[in-house]
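J.: Let me begin by handing over the structure; questions about it come next.
Taken together, the values in this text are just the output of simple stated rules run on the coordinates, not laboratory data. Nothing here was measured: the structure is a model prediction, and the numbers come from that model. Cβ coordinates were reconstructed from backbone atoms using ideal geometry, including for glycine residues, and neighbour counts include every protein chain displayed.
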Amino acid sequence: MSRKTVVCVVGTRPEAIKMAPVVLALRSQSYFDVKILATGQHSTMLDQALEHFRLSADMNLHIMKERQSLDHITASVMTGAGKYFDETDPSAILVHGDTTTTFASALAGFYRNIPVGHVEAGLRSGNMHLPFPEEMNRVLTDRITSWAFAPTELAKENLLKEGTPEDMIHVTGNTVIDALLYTVKSTSRPSCSELAKLPENVPFLLVTAHRRESWGKPLEDICHALTMLLDAHPELWMVIPMHRNPSVRETIKKYLENKEKAILCDPLDYPDFVWAMNASKFILSDSGGVQEEASAIKKPVLILRDVTERPEAVEKGSGVLVGVDGEKIFSNAIELLESKDRFMEIENKCKLQPFGDGTAAIKIAELLKDYFENDH
Ligand code: UD1
Ligand code: UDP
């Protein structure tokens, strides 16, 4: 039987982290010829994430421009991915998540009648503008995919409500748990230069914020709340790995550069970030992936957003939806810092692992193999 070529597309940091286990699972079966197409929507952050899994792109479109527009990403991914699909003629294409790389490459596959599998299908916030443009990217991608690999039962329900045929939906768990398990938990502090300024055994909060809909005033309010927290708790440190987006970095630096105990650093390598999540007192983040990871390691996370497409993180995990209002962020964080009961209430909620058991990627590889073995 001839090997089946599968192209796995990745463009940004979270896609690389969550697609990596799928690539590794597919490559463990000689049945597949697996190629990684990197769009390069992120330049350094994408390579940084792939390197941890000892993966490199078979083709990189290098599309990133500073302060790039959504039009630029969409048009250049479609053209570049389309050309690569024409050259490699894959039997299947896999995309992950909700970025513009995800949607534009899925559409390029659809235009060529190549079946597309969507890893992390079915997440919905219910508001097309929050997160922006990710909610729209997910909805459109799910309309054109042949396999919807849903991470949870709730994601499956979302797809059924929209009319996706049940036999197209496969609940696999989220591959982020596979990625976390692959990343051996280190108990000693990483020696990277980014964390060098953090003294041993001090209490610290881990903070990330990058969402497009938060640029401007919401991010200013978040940063203002962080400065108030540092003033209210002089013993407290903060580790803030800044996304490479210049608009995000400018705002964070404006508020926090002069705060002695705020460590503003470049993005951490994935294992170092996992260490920081584990070692922190708690996390403040608007990231999608971090909500899932925090629930998996049972670490409280204040979610810096008004809505989440991952309600499981709030209902069954360690997430608290606090929005982008400075006062609300401050009061929720103070409660966690000062009330042991509140802290334990959140920790105790994480009884079950809502996002999977670390076998999502293997399930996806098996499902694809079954499909092709049945004469497709
Ligand atoms: C993108 C995704 C978002 C995802 C996030 C993960 C879209 C529209 N947005 O948002 O869904 O949550 O990635 O981080 O798909 N930059 C660098 N180096 C890098 C990466 C980014 O310099 O390695 C800078 C560039 O100036 C770039 C800017 O960041 O133009 C924004 O990157 P972009 O991919 O457009 O948006 P993100 O906010 O990263
Ligand atoms: N992450 C990382 N280093 C960092 C910050 C985040 O490796 O300095 C990882 C994090 O563990 C998660 C992913 O990047 O797996 C989240 O990426 P991001 O917040 O950029 O995107 P989102 O999940 O919001 O789409």
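J.: How far apart, in nm, are the 7 Å Cα→Cβ label points at Lys328 and Glu250?
T.: Taking the two extended label points, one gets 2.7 nm.
J.: Separate question: Quick one: angle between helix 100-111 and the longest Cα principal axis of the chain, in degrees between 0 and 90, rounded to 10, please.
T.: Computed tilt is about 10 degrees.
J.: A further question on this structure: Would you mind checking the pairs Lys217/Lys299; Lys83/Lys161; Lys217/Lys259; Lys18/Lys197; Lys83/Lys156; Lys18/Lys369 and listing those with alpha carbons more than 23 angstrom apart?
T.: The answer is Lys217/Lys299; Lys83/Lys161; Lys18/Lys197; Lys83/Lys156.
J.: Between Asn127 and Met344, what is 0.36 nm times their sequence separation minus the Cα-Cα distance? Round to one decimal in nm. Could the numbers behind the result be given before it?
T.: Numbers: separation 217, 0.36 × 217 = 78.12 nm, distance 3.16 nm.
Taking Asn127 through Met344 to full extension adds about 75.0 nm, to one decimal.
J.: Here is a follow-up. Given H placed on each backbone N at 1.01 Å, which residues far from Thr39 in sequence or on other chains put an amide H within less than 5 Å of it?
T.: Answer set, sorted by chain and number: Val10, Gly11, Leu61.
J.: Of all trypsin sites (Lys or Arg not before Pro) in the range 313-376, which ones are in loop regions per DSSP and have a Cβ with at most 11 other Cβ atoms within 10 Å?
T.: For trypsin sites (Lys or Arg not before Pro) across the range 313-376 that sit outside H, G, I, E and B with at most 11 neighbouring Cβ atoms in 10 Å, the list reads Lys351.
J.: Another question, then. According to a simple spin-label model (label point 7 Å from Cα along Cα-to-Cβ), what is the distance in nm between Thr187 and Val202?
T.: My value for the distance between the label points is 2.4 nm.
J.: May I ask for the distance between the Cα centers of the range 329-365 and the range 149-194, given as a whole number of Å?
T.: About 15 Å separates the Cα centre of the range 329-365 from the one of the range 149-194.
J.: Further question on the same structure: Once you order the gyration tensor axes a ≥ b ≥ c over the Cα atoms, which shape class does the range 1-133 get: rounded for a/c under 1.5, otherwise prolate or oblate by comparing a/b with b/c? Let's see the in-between values first.
T.: On the way: a/c = 1.43, a/b = 1.35, b/c = 1.06.
Rounded shape, in that the Cα axes give a/c under 1.5.
J.: For a quick check: with amide H placed at 1.01 Å from N, whose amide H comes under 5 Å from Leu94's, ignoring anything fewer than 5 positions away on the same chain?
T.: Counting only residues 5 or more places away or on other chains, the set is Val7, Cys8, Val9, Gly117.
J.: OK, next. How large is the convex hull of the Cα atoms of the range 245-344 per residue, expressed in Å³ as a whole number? Write out the running numbers ahead of the final one.
T.: Values: hull volume 12.1 nm³, N = 100.
Considering the Cα atoms of the range 245-344, their hull volume per residue is 121 Å³.
J.: Can you tell me how the chain classifies by the Cα gyration tensor, rounded, prolate or oblate, using a/c under 1.5 as the rounded cut?
T.: On the way: a/c = 1.79, a/b = 1.65, b/c = 1.09.
Taking the square roots of the gyration eigenvalues as a ≥ b ≥ c, the chain is prolate.
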